[in-house]
Amino acid sequence: MKVRAVAKTHIGKKRKLNEDSYLVSEELGLFIIADGMGGHKSGEVASRMVVDTMADYWQKWRNNNPPSFIAPIEQDLPKTAKHLLNSIAFANSIVHEAQKKPEYHQMGSTISAILVDDDCLWLANVGDSPAYLYDHGHLILISEEHSVEAEQKSLGLYDVSGPGNPLIKNVLTRVLGLNEKVDVFITPIRPDAGDIIVMCSDGLTNELSDRDIKMILDDTSTLFEQKVNILVEEANRSGGKDNISVILLKVLDEGRWERIKRKLKL
């Protein structure tokens, strides 16, 4: 499977520092959004540690020298997916170890990662940096939100269609770095050619509704490369209260011969 990627990050209109980090590497087949949190500058450090650790891991994987597994993975997953989980576990360990320094105490980061495999995309996430599949005019959330609000909604404690509670929406139940181990959500995605994956920090979704995002993606008069700019501009126009980062991945039509070569691993 092949994708084309465009990305943009912006500090927003209220923050003094951009604590988001992202990675776009078509060479590695790896795409990451990480939203850092913590004290003065440490959120920026945490998100950068996550991205750098993941990039280094997958560079070693592509060179046929993957790191060892931190712990056994009991889930019934293919090797590539297990290494995606392991790379996130490595990133969690790096951030957690860094907290021994007083200036990095209680820092952490979300992560939303897409890894390109032969016949699918693997999505893995921790926290509340969402990922969507835009498929034939439908915008579908494919990540799992790890916040108090999301958990209360899943338990039926209040109306799912309601406006949400900002006091608990930003209280995360899972984050990289705060604990020695972290529970990662992972799932395969099998989009069609022309489908778009939207990855972002919550600086986008706190300002724009799913309907707003869908309207921008629906606009056929706008080039794919321009849509990422419009999403960021609209989030800033709506308030820009947080850092805003967006990656758009467009699934390419490989053609019949390319698909045959991939299946035969030529």
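To keep it simple, each residue is scored yes or no on (1) farther than 16 Å from Asp20 by Cα; (2) of a type in the set (A, V, I, L, M); (3) in contact with a strand residue (DSSP E or B) (Cβ under 8 Å, 6 or more places away or on another chain).
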position: Asp52; (1), (2), (3): no, no, no
position: Trp61; (1), (2), (3): yes, no, no
position: Phe69; (1), (2), (3): yes, no, no
position: Leu77; (1), (2), (3): yes, yes, yes
position: Asn86; (1), (2), (3): yes, no, no
position: Phe90; (1), (2), (3): yes, no, no
position: Glu97; (1), (2), (3): yes, no, no
position: Pro102; (1), (2), (3): yes, no, no
Could you grab me the full set of residues in the range 78-111 that are out of contact with any His (no Cβ under 9 Å at 6 or more places or on another chain), buried (at least 20 other Cβ atoms within 10 Å of the Cβ) and assigned to a loop (DSSP other than H, G, I, E, B)? Met107
In the range 192-242, what residues are among the polar types (S, T, N, Q) and under 20 Å from Ile114 (Cβ atoms)? Ser201, Thr205
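For residues that are hydroxyl-bearing (Ser, Thr, Tyr) and under 19 Å from Asp219 (Cβ atoms), scanning just the range 124-135, find the one that is surrounded by the fewest Cβ atoms within 10 Å (Cβ to Cβ).
The first filter runs over the range 124-135 and keeps only residues hydroxyl-bearing (Ser, Thr, Tyr), leaving 129, 132, 134.
Then drop every residue that is not under 19 Å from Asp219 (Cβ atoms), which leaves 132, 134.
Numbers: Tyr132: 21, Tyr134: 23.
Checking each candidate, the answer is Tyr132.
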Do any residues in the range 209-227 that are touching a residue at least 24 places away in the same chain (Cβ under 8 Å) have Cβ atoms under 8 Å from those of residues that are of a type in the set (S, T, N, Q) and in a helix (DSSP H, G or I), where the two are at least six apart or on different chains, and which pairs are they? Ile213/Thr205
With the first residue restricted to the range 63-77 and required to be outside any loop (DSSP other than H, G, I, E, B), and the second required to be polar (S, T, N, Q) and surrounded by 10 or more Cβ atoms within 10 Å (Cβ to Cβ), Cβ contacts under 6 Å at 6 or more apart or on different chains are none
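Residue check: is Asp212 in a helix (DSSP H, G or I), charged (D, E, K, R) and either modelled with pLDDT of 95 or more or within 18 Å of Ala34 (Cα to Cα) (or both)?
On the way: in a helix (DSSP H, G or I): yes; charged (D, E, K, R): yes; either modelled with pLDDT of 95 or more or within 18 Å of Ala34 (Cα to Cα) (or both): yes.
It is true that Asp212 is in a helix (DSSP H, G or I), charged (D, E, K, R) and either modelled with pLDDT of 95 or more or within 18 Å of Ala34 (Cα to Cα) (or both).
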Can you find even one residue in the range 82-90 that is farther than 20 Å from Leu121 by Cα, out of contact with any Leu (no Cβ under 8 Å at 6 or more places or on another chain) and of a type outside the set (A, V, I, L, M)? yes
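So that you can scan it fast, the table gives a plain yes or no per residue for (1) at pLDDT 95 or above; (2) closer than 16 Å to Ile247 by Cα; (3) in contact with a Pro (Cβ under 9 Å, 6 or more places away or on another chain):
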site: Lys153; (1), (2), (3): no, no, no
site: Gly162; (1), (2), (3): no, no, no
site: Val171; (1), (2), (3): no, no, no
site: Leu176; (1), (2), (3): yes, no, no
site: Val184; (1), (2), (3): yes, no, no
site: Ile189; (1), (2), (3): yes, no, no
site: Gly194; (1), (2), (3): yes, yes, no
site: Gly203; (1), (2), (3): yes, yes, no
Residues that are closer than 27 Å to Leu217 by Cα, at pLDDT 95 or above, surrounded by 12 or more Cβ atoms within 10 Å (Cβ to Cβ) and small (Gly, Ala, Ser): does the range 136-143 have at least one? yes
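State the number of residues belonging to the range 112-150 that are part of a strand (DSSP E or B) and touching a Leu at 6+ places or on another chain (Cβ under 6 Å). Let's see the steps before the verdict.
So in the range 112-150, the residues part of a strand (DSSP E or B) come out as 112-116, 121-126, 131-135, 138-141, 147.
Now narrow it down to the ones that are touching a Leu at 6+ places or on another chain (Cβ under 6 Å): 114-115, 122, 124, 126, 131-132, 134, 140, 147.
Residues that pass the stated criteria total 10.
Condition first: among the small types (Gly, Ala, Ser) and either more than 24 Å from Leu28 (Cβ to Cβ) or under 9 Å from the mean Cα position of the chain (by Cα) (or both). Can you find one or more residues in the range 98-106 that meet it?
Start the filter on the range 98-106 by keeping residues that are among the small types (Gly, Ala, Ser), which leaves 98.
From the residues that got through so far, the ones that are either more than 24 Å from Leu28 (Cβ to Cβ) or under 9 Å from the mean Cα position of the chain (by Cα) (or both) too are none.
Scanning the range 98-106 turns up no residue that is among the small types (Gly, Ala, Ser) and either more than 24 Å from Leu28 (Cβ to Cβ) or under 9 Å from the mean Cα position of the chain (by Cα) (or both).
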Report, by residue number, each residue of the range 233-257 that is surrounded by fewer than 21 Cβ atoms within 10 Å (Cβ to Cβ) and of a type in the set (A, V, I, L, M, F, W, C). Leu252, Trp257
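The values are calculated or read from the model by the stated rules, or taken from the named source; none is laboratory data. These numbers were taken from a predicted model, which means no experiment stands behind them. Please note: Cβ atoms are built from the backbone with ideal geometry, for glycine as well, and neighbour counts cover all protein chains shown.
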